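**Student:** A single structure is presented below for examination.
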Amino acid sequence: MIDGHGDDLFRFPGIVKHNFSSNIFSRVDHTALLAHLAACGDDILHYPEPRAYSLESMFAAEAGIDARHLLVTNGATECIYIIAQMMRDKRAAIVAPAFREYEDACALNHLIVSWHESLAEAMKVSPDLVWICNPANPTGHVTPREHILDIVSAYPSTLFVVDQAYADYTLLPVLTPQQSVERGNVIMLSSLTKRFAVPGLRIGYAIGCVDRLAEYLKPWSVSSVAIAAAKYLVEHKADYPIDAAMLHNQGLMLSARFQQLGIAVSPTDCNFILCRLPHGTAADLKEWLVSNYGILIRDASNFHGLSPAHFRVAAQTIPENELLIKAVSQWIGL
């Protein structure tokens with residue numbers, strides 16, 4: 001999917017001041033990272049590694065696994081598409097609502113797709129491939145880790161893709177790299193995007209049964225600049241703390257205040273919430289918020305099974321959250 005994602009600031013140049021549209025806490029100081037990249041300018045004069053082996057070794061050491069079980073890609077989205085390519089013409093089940101790219105990657109590679117409300121329901125169709133986002137996007141719900149492991153163990157011939165892109169924003173336990181490697185039928189997805197608030201960097205990685213997956217990787221898919229930035233971030237991760245408890249509490253506060261306005265909100269275990277307006281459309285609300293307050297939200301109507309009234313927001317600073325409530329309240333009353 002090219003159009004329809006969150007964080008679409010390019011549509012509103014110079015207008016957006018408060019970005020609630022991606023599931024990231026955006027108020028992160030990247031001054032030191034940018035200075036480091038400025039000093040790495042010569043990197044662009046040469047080809048990058050054809051496969052980001054140096055990053056794979058670094059990430060694997062951080063995760064406590066062998067590097068042969070880890071594959072670095074140009075964002076987790078590239079990994080999603082090469083998984084679907086590897087499983088071409090098979091049967092896939094998606095636990096929905098979910099990240100739209102699972103569906104699009106499957107369609108591009110002629111997989112037969114079905115959507116299900118839970119992992120247990122998905123297994124009733126005997127899929128070759130299962131996609132589950134955990135924490136889920138766009139709801140923020142976390143499927144219990146032991147439940148996932150039990151089902152993974154019960155269906156050893158099924159490949160389970162567990163997308164943990166938002167794992168740093170929940171306090172609940174999720175799959176560990178070791179568990180993903182040990183099962184033999186799991187590919188766990190992650191990225192630096194949410195952990196370090198660098199969506200423009202495009203560094204993702206897969207952990208688990210990635211041997212066949214690597215055969216579909218295109219050379220030089222990760223740029224030299226991205227590799228240099230990723231190494232810096234991992235080496236300085238202590239400078240990038242995430243207060244998951246505070247952000248979850250702010251998400252719950254937004255949920256409670258929105259419900260007082262008549263907005264339906266799904267339960268969340270993260271910093272972001274899925275909402276349904278009592279009237280009007282998310283597209284109209286989005287345009288009004290940008291025009292009147294410089295606030296950007298995610299129109300969630302293009303998630304499978306959702307309606308034009310659905311939108312998603314991620315908690316930001318307390319003053320910004322209060323401004324969002326004020327603005328949405330004003331729109332509701334129009």
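**Student:** Only one of these conditions is not met by Phe272: (1) closer than 23 Å to Gly305 by Cβ; (2) without any contact (Cβ under 8 Å) to a residue 24 or more places away in the chain. Which number is it?
**Tutor:** Only one criterion is unmet by Phe272, namely (2).
**Student:** Within the range 132-172, count every residue that is touching an Asp or Glu at 6+ places or on another chain (Cβ under 7 Å) and either free of Cβ contacts under 8 Å to residues at least 24 places away in the same chain or aromatic (Phe, Trp, Tyr) (or both).
**Tutor:** Summing the residues that are touching an Asp or Glu at 6+ places or on another chain (Cβ under 7 Å) and either free of Cβ contacts under 8 Å to residues at least 24 places away in the same chain or aromatic (Phe, Trp, Tyr) (or both) in the range 132-172 gives 0.
**Student:** Go through Phe59, Phe20 for me and flag whichever is assigned by TED's automatic domain parsing to the domain that holds Asp163 and buried (at least 17 other Cβ atoms within 10 Å of the Cβ).
**Tutor:** Numbers: Phe20 fails: assigned by TED's automatic domain parsing to the domain that holds Asp163.
Result: Phe59 is the single residue among Phe59, Phe20 that is assigned by TED's automatic domain parsing to the domain that holds Asp163 and buried (at least 17 other Cβ atoms within 10 Å of the Cβ).
Let's see how each residue does on (1) charged (D, E, K, R); (2) in a helix (DSSP H, G or I); (3) crowded, with 22+ Cβ neighbours inside 10 Å:
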site	(1), (2), (3)
Ala93	no, no, yes
Ala122	no, yes, yes
Pro138	no, no, yes
Glu146	yes, yes, no
Asp150	yes, yes, no
Ser153	no, yes, no
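**Student:** Restricting the range 264-320 to residues that are among the charged types (D, E, K, R) and under 20 Å from the mean Cα position of the chain (by Cα), which is farthest from Ala244 (Cα to Cα)?
**Tutor:** The first filter runs over the range 264-320 and keeps only residues among the charged types (D, E, K, R), leaving 269, 276, 284, 286-287, 298-299, 312, 320.
Now narrow it down to the ones that are under 20 Å from the mean Cα position of the chain (by Cα): 269, 298-299, 312.
Numbers: Asp269: 10, Arg298: 21, Asp299: 24, Arg312: 18 Å.
In this case the residue turns out to be Asp299.
**Student:** Something else now. Could you go through the range 99-113 and let me know if any residue there is of a type in the set (Val, Ile, Thr) and in contact with a Cys (Cβ under 7 Å, 6 or more places away or on another chain). Can you show your working first?
**Tutor:** From the range 99-113, those of a type in the set (Val, Ile, Thr) are 112-113; that's our starting set.
Okay, now just the ones that are also in contact with a Cys (Cβ under 7 Å, 6 or more places away or on another chain), so 113.
Yes, because at least one residue in the range 99-113 is of a type in the set (Val, Ile, Thr) and in contact with a Cys (Cβ under 7 Å, 6 or more places away or on another chain).
**Student:** Could I ask something else about it? Among what's in the range 61-91 and is of a type in the set (Val, Ile, Thr) and in a strand (DSSP E or B), pick the residue that is nearest to Ser22 (Cα to Cα). Write out each step before concluding.
**Tutor:** Looking only at the range 61-91, we keep the residues that are of a type in the set (Val, Ile, Thr), and these are 65, 72-73, 77, 80, 82-83.
Those left that are additionally in a strand (DSSP E or B): 72-73.
Values: Val72: 22, Thr73: 20 Å.
Out of the qualifying residues, it is Thr73.
**Student:** Mind checking whether some residue in the range 248-258 is at pLDDT 95 or above and not in a helix (DSSP H, G or I)?
**Tutor:** First pass over the range 248-258, keeping only residues at pLDDT 95 or above: 248-258.
Within this subset, residues satisfying the condition of being not in a helix (DSSP H, G or I) are none.
Looking for residues that are at pLDDT 95 or above and not in a helix (DSSP H, G or I), one finds none in the range 248-258, hence no.
**Student:** Could I ask something else about it? What is the one condition in (1) charged (D, E, K, R); (2) touching an Asp or Glu at 6+ places or on another chain (Cβ under 9 Å); (3) assigned to a helix (DSSP H, G or I) that Arg27 does not satisfy?
**Tutor:** That leaves (3) as the condition not met.
**Student:** Being under 20 Å from Leu55 (Cβ atoms), buried (at least 24 other Cβ atoms within 10 Å of the Cβ) and charged (D, E, K, R) is the requirement here; does Asp163 meet it? Step through it out loud before you land on a result.
**Tutor:** Numbers: under 20 Å from Leu55 (Cβ atoms): yes; buried (at least 24 other Cβ atoms within 10 Å of the Cβ): yes; charged (D, E, K, R): yes.
So Asp163 fits the description; yes.
**Student:** Could you please find all residues in the range 227-241 being among the basic types (Lys, Arg) and either more than 15 Å from Thr31 (Cα to Cα) or part of a loop (DSSP other than H, G, I, E, B) (or both)?
**Tutor:** Within the range 227-241, the subset among the basic types (Lys, Arg) is 231, 237.
Once the filter is applied, which keeps residues that are among the basic types (Lys, Arg) and either more than 15 Å from Thr31 (Cα to Cα) or part of a loop (DSSP other than H, G, I, E, B) (or both), the range 227-241 yields only Lys231.
The values are calculated or read from the model by the stated rules, or taken from the named source; none is laboratory data. Quantities reported herein were computed from a predicted structural model and do not represent experimental measurements. Here the Cβ is made from the backbone with ideal geometry for all residues, glycine too, and neighbour counts use every protein chain on show.
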